[in-house]
Amino acid sequence: MALFGKNKDKEKEKKHCPICNNEMTFLKSVALADGTICSDCEAMLRGKYDIDRWWHLRFDGTVKQKSHDPLLDMSIADVQAIIAEAKQNQAETVGSLGGEFSALLTADDVFSIEPKAKDVGVKRAKAYKNRLVVRGMIQSGEFSKEDSVVILHGDARLETVLLDVIPCGGAVDFNTELKANMHKKTAGVNTNAWLILDVEQGVAHGDVIAKA
Ligand SMILES: [Zn+2]
């Protein structure tokens, strides 16, 4: 394979990423189903958008196994559709709530946790027991550990505190990040994050987490 610079002429053939239009090199790109995008866009998509959920919604969960990397089976048009949908949701949420709150995140996923003391220590295991975690894109502002937030659940408003904030990065899953505990405790606009809320119920998919 002529990957490592034996063919200088090949290097000069410049290709442009169909998503961001920046120049791509072979080593800093990833091949999707019908085209190649740059590694910057790959990183943005993995961190920013819930590809796995989108794929399952569209294909009813029957097409690919859970262990499969859905990004690699997507087309350029699929990626463009995800970006357009996320921008639309962001515009709507920020348009209706941005005047009232400094930071907003819409919950794409909600789950309960009960981490073991041997994995996270006695203190954190106790604090996190049966707490809800929301995962979603931060649509404005930034969230940090110990922030006071409001959960907008239908017409109900529930005040709580963020026990932790874990930025979603790469293919690393929630439990691995929680256990390692090496993450930044803050996450900003246009990134995906997990927020550990100090509640055991009262949050659903589509609810908005807001900071005053
Ligand atoms: Zn790109």
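The values are calculated or read from the model by the stated rules, or taken from the named source; none is laboratory data. As the structure is a prediction and not an experimental result, all values here were calculated from the model. Cβ coordinates were reconstructed from backbone atoms using ideal geometry, including for glycine residues, and neighbour counts include every protein chain displayed.
The residues of segment 20-42 that are in contact (Cβ under 8 Å) with a residue 40 or more places away in the chain and within 12 Å of the ligand (Cβ to nearest atom), listed by number, are 30, 32, 35, 37. Counting only strands (runs of 3 or more DSSP E) that sit completely within segment 135-212, those holding 2 or more residues that are surrounded by 15 or more Cβ atoms within 10 Å (Cβ to Cβ) and either among the β-branched types (Val, Ile, Thr) or modelled with pLDDT under 95 (or both) correspond to 148-153, 156-167, 186-188, 192-197, 208-211. A search for C-beta distances below 9 Å between a residue of segment 84-110 that is free of Cβ contacts under 8 Å to residues at least 24 places away in the same chain and any residue that is assigned to a strand (DSSP E or B) and surrounded by 12 or more Cβ atoms within 10 Å (Cβ to Cβ), counting only pairs 6+ apart in sequence or on different chains, returns 91/139.
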